[in-house]
Amino acid sequence: MSRIQVTRSGQGTAYAPPGHVDVTARRLHGAEVGGPSGFWVGHSVYPPGACAELGPVAGDTVYIVLDGELALRVRDGSGTSASVLYAGDSVFIPWRTIRSIMNHTQQVATLLVVVQPGEAPS
């Protein structure tokens, strides 16, 4: 029997990521929604002015901008850097890296999020 799991547009499990302001987030696939273990996939919508405040990523993270543009700021052991990500751009951010994301435009931006969670604190 196949274990194919289809999540239709607009479906998924809504969740409120910590430090996200005015962001609509849905968990599409992952162990907690009947999908694969080891990683999860989410979809985030950033209307104008929405942001993910400066804070650590929950694990090894890949962001893929599906539409719009987002300003990304990253702080790690080598310093602070800033980038603007446009539709079609992606970025890998290692676990524990500090980052912020902001939609400074007047257009809605959408983001596909893939996370391999880090280990639980000991």
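Throughout, read-outs are computed from the coordinates displayed, never taken from laboratory work. Since we're looking at a predicted model, the values are computed, not measured. Cβ atoms come from the backbone with ideal geometry, glycine included; neighbour counts cover every protein chain shown.
Summing +1 for each Lys or Arg and -1 for each Asp or Glu among the other residues whose beta-carbon sits under 13 angstrom from that of Tyr86 gives -3.
For the chain, the percent of C-alpha pairs falling in each 5 Å distance bin, counted from 0 to the bin holding the largest distance, reads 2, 11, 20, 25, 20, 12, 6, 2, 1, 0. Which of rounded, prolate, oblate describes the range 15-65, given a ≥ b ≥ c as roots of the alpha-carbon gyration tensor eigenvalues and a/c under 1.5 marking rounded, otherwise prolate only if a/b is larger than b/c? Prolate, because a/c is 1.5 or more and a/b exceeds b/c. The region of the chain that goes longest without hitting one of the trypsin sites (Lys or Arg not before Pro) in a DSSP loop, each with at most 11 other Cβ atoms within 10 Å, is 9-122. Positive contributions from Lys and Arg (+1) and negative ones from Asp and Glu (-1), summed over other residues with Cβ under 10 Å from the Cβ of Val57, come out at +1. With a cut-off of 11 Å between beta carbons, the residues surrounding Val41 carry a summed charge of +2, where Lys and Arg count +1 and Asp and Glu -1.
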